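Q: Quick one: the structure is below, and I'll ask about it shortly.
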Amino acid sequence: MSGGSGGYSVGGGPPLTNAGPGAPPACHNGPLMNQHPAVPGEQGYRMAPPAPYSQQQPAKNFPQPGSEQHLGNFQTFGQTASRPLLNAVQLQKGTSDGQSVPMVAYPGSYSRMPLPSQGSFTPATSSSVLPGASVLPQPSWQYGPLQQSHPVSQLPGVQANHVISAAGTGQGRSPSEPLTNAYGIVGPKPAMGNQYESTLGGTFGQNYTNQVASSHPSVNQIVNQIYQPGRTPLGPPPNAGPPLRPTQPLITTNHDPPLAQNLLRHSTGVNTGSSGDQSTIDHYDSVEGGGEIMQPVQQGLHTRRTLGYSYPTLPPGYQSMASSGIPGGQLVNTEGPQQPSQVPHFNQLMAGMGGLSLQQGQQSEAARPINLLQERNILPSTPVKAPHANLHKELQKLNCNPDVFRCTLTNIPQTQSLLSKAKLPLGLQLHPFRDLSQLPVVTSSTIVRCRSCRTYINPFVNFLDQRRWKCNLCYRVNDVPEEFMYNPVTRSYGEPHKRPEVQSATIEFIAPSEYMLRPPQPAVYLYILDVSHNAIESGYLNAVCQSLLDNLEALPGDSRTRIGFITFDSTIHFYSLQEGLSQPQMMVVSDIEDIFIPTPDNLLVNLNESKELIQDLLRTLPQMFHNTLETQSALGPALQAAFKLMSPTGGRASVFQTQLPSLGVGALKSREDPNQRSSLKDVQHLSPAIDFYKKLALDCSGQQIAVDLFMLNGQYSDLASLTCISKYSAGCIYCYPSYHHKHNPVLVEKFEKDLKRYLTRKIGFEAVMRIRCTKGLAIHTFHGNFFVRSTDLLSLPNINPDAGFAVQMSIEENLVDVQLVSFQAALLYTSSKGERRIRVHTMCLPVVNSLSDIYAGADVQAVTCLLASMAVDRSISSSLSDARDALVNAVIDSLSTYRTSVLSQQQQQQPGVMTPSSLRLFPLYVLALLKQKAFRTGTSTRLDDRVFSMCEVKYQPVSYLMLMIHPNLYRIDNLSDEGSININDKTIPQPPILQLSVEKLSRDGAFLMDAGTAFYLWLGKKCCPNFVSKVLGASSYLSIPQNMIQLPELDTAESERTRAFISWLREQRPFFPILHVIKDESPLKASFLQNMVEDRTESALSYYEFLLHVQQQVNK
């Protein structure tokens, strides 16, 4: 990257991000993956596409996005082979019927980090010291926005990353979905809007327009006329509409009824013109926020581009939405919105914020200096919690749940120079569609938003009086609409500050027609199944078909839900499921060079109308291909066919692949050298081999199609290339290496559990998300699975409750006159019931002017996860060794500044590694990252496993990712009820968390390691006989089965405690971690020991050695 003054640089390595306040914003979806082939690898993409994006496409002709290569312009026909059991039809290009034919046979290098000495290796505990550790030079990491010295060319639809989600099921509430509260009135929904149009090309400036007509007092100042009805921050933005009538009480229902006007959907396309035509605009931009709002420009103010775009008013009649709850995910009180009578008004709270500093009075625990070389046991015995912002206690109660929205720094620096000096990244971690146990849902004819920046009214706005409120992002004074004066909860008039919108930091609106560009799409599911010999041999097809049969009724949707199937090997097979047929009809298309859809109207059918045919097909499919000899895989043409089939509607495409694609467009060749898996040199081939899958993903995103990839490969399959189809279409990626229904029963169980969750979880379609922040702050880089439609609008064809996102931020303007800043994420999506909804999360944080306060407010887990995402980008754009060096230097730089700029002279003279208490786990977490599959070197790691681990780093939410980085270790052979918790009349033991070192293990104990996606139960050779018999059901240690993956249900207190504890851990995540029981001779023992991150290995330092190295660099 060229130049850069907004961030900081250390040493000689390439900066991670390089930009200053004057540079246009950039978005990275992984540096190399977001780049045009003609652009140098270090530049990345702008966030705005330069040319219109092709939207609706006819079924026959594959689209040509801009000047990109045509994906299906070939002439040759191949051979056709039909299958028995179905009416096989041979088709040729341009025909829709054919003749039945009989079945025929198918013929990190880490050069700057000292390495342990070579030779025979014996695992050593973390107290062992490596003599003669060399010095690690410092490559640079920069946390400012990306700066470009010249324009960067961009593909016609710049990427962004997001995921899919699920909604209610059928007529009743899904048992996994909790009730939510709906506020407002019931009535018919307004007519829907128009179809989508293409993305507007052209360049975008870095700054947002956030202009004000006159100089308003800053948010921390007290105005003369203060409206203080005894309540905290609340209020609404203007969006005129009919007054809200107090005719309907609070409603709670069990499901979302389908809307009559949503049952029909236009299927015609929108002509977006040629690649150079920019006459059409992306109406999503104007739907999510009012981009056309006129604002007077105040002289002397820094002009910034509009932060948001208008969301219109909400339609009436929104019923309660249920979502599968995760324990501990509650955002609001179960009794409903908080009653504000005892809470001081927001203006009073703001007045009390003056001069807030962590240095006043006694120094907080978070800022207490700790010498890591002297304090050995720094790991808490309970799970690490997100730090609370240093706010008034009433504001803390109103703040967003950190499991949904959290910042790397809970104390925001006043200036960019102060942020750069702290050497910590400023960013947000977001889990926007997370399953919540309760969610306030509001129906109103008016959604109150700021007229300037389009921020939704929230608990942190400032009411000047009963009729005016000041926006907490741009400080504009807005009028309170008449209908917002009525409170549907208390059924009272004249108290807008008590409305639910101003009582909850997380809230969901029912969107009116103004928020729709076309009638909400139905739930559409297409399954694309590999049926080659390799796939059939693995046995996965039986598991998929059986799971679909079992969960067909539970698929999220309504009466409009549609479903279809495509199978492929060297040819593409379509299945007509039209109502009236006596059995499914299979059509085989052998022309994979120019794929076409044989009967477009009969392949995606209504689930309810064709349920019997669908069930017949699912029962028949596994036997149809049982004796196949076809070994080729035409994945690319199958995806092209799926794109053409789903383009009129959008939806979710689920791809199941078992090998390297070998035929047609998108064919790949093996790039992995097995001899280099343990190399200490840089890892090659982390970037895609071809751009076909990325380009097709962009086309899918434009048509509201998300592609989810299930890899069940036994050999190398080039995940670096294949995962692009999901990364840039907001899809999910699952990987089950060496899957086999007989040889790997553990993976079979995991696959079945994951698939059930995948099929039944709630889902949102045709979604967009925008993150807004207080004037002076700017977003410059996104992480996750998504597509960036414009400078700050993420396109998410699907959104699911398991997807996380991260953004990097910078400070463009000094926040000297600001005491609080706010961040707001708005997710606009269509539920599976056809409801257009807006989920809004708002977070408020204080501004500080000292380094000590910044360090005291650091969220070490959020910092670690953001650095991990940045390191993945660095690994792809530069090298793995650069990424590893940058991770180490993030620790060295921040602790160096803390030592020289925060500690007293006396403290600086003390030997050791000094850190604030808030960052005491920072070196440990970074060392754990260096030993994680994505970044480790010197340990045998398959290339596909490394790439999949990098994908997980990019899209897993913080709470799940941290367990994968630093697992929790418990001793469970001596569980007791002491300190236990009670949940649903069950007693859950709470054993302490142990350090990840073999010195904590004992031969007479049993230890459970929670690694996020897997549980490892390690048994010592002399494990307590009582535990072996009463928990494992074995007579002795030797009689314990070698491949034991679940605990027997024994009628003993020890068994009940152990199973209750493991079940409680499982319930805290949406995926299903498999339990592995490990004995000394178990082959999985190596995986268990590799997670002992504090111990020394052949290729990595122990924690103590790492601290010595950090000390050496800090004291230079």
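Q: What number of residues within segment 656-668 are open to solvent by less than 30 Å² (accessible area, probe 1.4 Å) and within 21 Å of R942 (Cβ to Cβ)? Show your work before the answer.
A: Quick first cut of segment 656-668, residues open to solvent by less than 30 Å² (accessible area, probe 1.4 Å) only: 656-658, 661, 664, 666, 668.
Of the ones still in play, those that are also within 21 Å of R942 (Cβ to Cβ) are 656-658, 661, 668.
Qualifying residue count for the region: 5.
Q: Another question about this same structure. Is there a residue being assigned to a loop (DSSP other than H, G, I, E, B), open to solvent by less than 10 Å² (accessible area, probe 1.4 Å) and among the aliphatic types (A, V, I, L, M) anywhere in segment 570-579? Full working, then the answer.
A: Residues of segment 570-579 that are assigned to a loop (DSSP other than H, G, I, E, B), as a first pass: 570-571, 577-579.
Then keep just the ones that are open to solvent by less than 10 Å² (accessible area, probe 1.4 Å); that gives 571, 577.
Now drop any that are not among the aliphatic types (A, V, I, L, M), which leaves 577.
Yes, segment 570-579 contains a residue that is assigned to a loop (DSSP other than H, G, I, E, B), open to solvent by less than 10 Å² (accessible area, probe 1.4 Å) and among the aliphatic types (A, V, I, L, M).
Q: Please name all residue pairs, on different chains or six or more residues apart, with Cβ atoms under 7 Å, provided the first residue is in segment 594-609 and is among the acidic types (D, E) and the second residue is at pLDDT below 95 and open to solvent by less than 30 Å² (accessible area, probe 1.4 Å).
A: Close Cβ pairs (under 7 Å, with a partner that is at pLDDT below 95 and open to solvent by less than 30 Å² (accessible area, probe 1.4 Å)) amount to D594/G72.
Q: For the subset of segment 895-921 comprising residues that are small (G, A, S) and part of a helix (DSSP H, G or I), which member is most open to solvent (accessible area, probe 1.4 Å)? Full working, then the answer.
A: Kept after step one, since they are small (G, A, S), are these residues of segment 895-921: 896, 901, 904, 912, 917-918.
Pick out the ones that are also part of a helix (DSSP H, G or I) and you get 896, 901, 917-918.
On the way: S896: 27, S901: 54, S917: 5, S918: 19 Å².
This residue is S901.
Q: A further question follows. So is V1093 in a loop (DSSP other than H, G, I, E, B) and open to solvent by less than 10 Å² (accessible area, probe 1.4 Å) or not?
A: Values: in a loop (DSSP other than H, G, I, E, B): yes; open to solvent by less than 10 Å² (accessible area, probe 1.4 Å): yes.
So V1093 fits the description; yes.
Q: Return yes when K775 is open to solvent by 10 Å² or more (accessible area, probe 1.4 Å), over 24 Å from S959 (Cα atoms) and in contact with a Lys or Arg (Cβ under 9 Å, 6 or more places away or on another chain) and no when it is not. Steps first, please.
A: Working: open to solvent by 10 Å² or more (accessible area, probe 1.4 Å): yes; over 24 Å from S959 (Cα atoms): yes; in contact with a Lys or Arg (Cβ under 9 Å, 6 or more places away or on another chain): yes.
So K775 fits the description; yes.
Q: Going by what's in this entry, would P622 be described as surrounded by fewer than 24 Cβ atoms within 10 Å (Cβ to Cβ) and either among the acidic types (D, E) or more than 29 Å from G714 (Cα to Cα) (or both)?
A: no
Q: Hey, does segment 700-712 have a residue that's surrounded by fewer than 23 Cβ atoms within 10 Å (Cβ to Cβ), over 28 Å from F460 (Cα atoms) and of a type in the set (V, I, T)?
A: no
Q: If you don't mind, another one. L1065 passes all but one of (1) farther than 30 Å from K954 by Cβ; (2) not in a loop (DSSP other than H, G, I, E, B); which number fails?
A: (1)
Q: Considering each residue of segment 752-769, count those that are of a type in the set (V, I, T) and open to solvent by less than 10 Å² (accessible area, probe 1.4 Å), and give that number.
A: Taking segment 752-769 and keeping what is of a type in the set (V, I, T), we get 760, 763, 768.
Next, from what is left, pick out any that are open to solvent by less than 10 Å² (accessible area, probe 1.4 Å): 763, 768.
Residues that pass the stated criteria total 2.
Each row is one residue, and each column tells you yes or no for (1) touching a Ser or Thr at 6+ places or on another chain (Cβ under 8 Å); (2) more than 23 Å from S1039 (Cβ to Cβ); (3) open to solvent by less than 10 Å² (accessible area, probe 1.4 Å).
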| residue | (1), (2), (3) |
| --- | --- |
| K954 | yes, yes, no |
| K986 | no, yes, no |
| S1002 | no, no, no |
| G1005 | no, no, yes |
| F1015 | no, no, yes |
| G1020 | yes, no, yes |
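Q: May I ask you to list the residues in segment 1030-1062 that are crowded, with 16+ Cβ neighbours inside 10 Å and outside any loop (DSSP other than H, G, I, E, B)?
A: K1030, E1054, S1055, E1056, R1057, T1058, R1059, A1060, F1061, I1062
Q: Related question: For segment 547-569, which residues satisfy the criterion of being part of a helix (DSSP H, G or I) and charged (D, E, K, R)?
A: Taking segment 547-569 as the starting set, the residues that turn out to be part of a helix (DSSP H, G or I) are 547-554.
Scanning segment 547-569 gives D550, E553.
Q: Right, next: Run S687 past the list (1) in contact with an Asp or Glu (Cβ under 7 Å, 6 or more places away or on another chain); (2) open to solvent by 20 Å² or more (accessible area, probe 1.4 Å) and report the number of the one that doesn't hold.
A: Going through the list (1) in contact with an Asp or Glu (Cβ under 7 Å, 6 or more places away or on another chain); (2) open to solvent by 20 Å² or more (accessible area, probe 1.4 Å), S687 breaks only (1).
Q: I want to confirm something. Restricting to segment 611-652 and keeping residues that are of a type in the set (G, A, S) and farther than 14 Å from L526 by Cβ, which single residue is nearest to the chain's Cα centre (by Cα)?
A: Step one: of segment 611-652, the residues of a type in the set (G, A, S) are 633-634, 636, 638, 641-642, 647, 650-651.
Pick out the ones that are also farther than 14 Å from L526 by Cβ and you get 633-634, 636.
Working: S633: 30, A634: 30, G636: 26 Å.
Here the residue is G636.
Q: Within segment 922-944, which residues are in a helix (DSSP H, G or I) and among the hydroxyl-bearing types (S, T, Y)? Lay out the reasoning, then the answer.
A: Of segment 922-944, the ones in a helix (DSSP H, G or I) are 922-930, 943-944.
Residue satisfying the conditions is Y925 alone.
Q: Another question about this same structure. State all residues of segment 492-515 that are open to solvent by 10 Å² or more (accessible area, probe 1.4 Å) and touching a Gly at 6+ places or on another chain (Cβ under 6 Å); if no residue qualifies, say none.
A: Correct list: S513 only.
Q: Would you mind finding the one in S869, S795, S881 that is more than 17 Å from the chain's Cα centre (by Cα) and of a type in the set (S, T, Y)?
A: Details: S869 fails: more than 17 Å from the chain's Cα centre (by Cα); S795 fails: more than 17 Å from the chain's Cα centre (by Cα).
Answer to the check: S881.
Q: Take the residues in segment 669-684 that are more than 28 Å from the chain's Cα centre (by Cα) and either of a type in the set (A, V, I, L, M) or not in a loop (DSSP other than H, G, I, E, B) (or both); name whichever of them is surrounded by the fewest Cβ atoms within 10 Å (Cβ to Cβ).
A: The residue in question is N675.
The values are calculated or read from the model by the stated rules, or taken from the named source; none is laboratory data. No experiment lies behind these values; they were computed from the predicted model shown. Counting neighbours? That spans all protein chains shown, and the Cβs are built from the backbone with ideal geometry, glycine included. Surface areas here come from the heavy atoms of the whole protein model, side chains and all, with no ligands, DNA or RNA. Shrake-Rupley method; radii C 1.70, N 1.55, O 1.52, S 1.80 Å.
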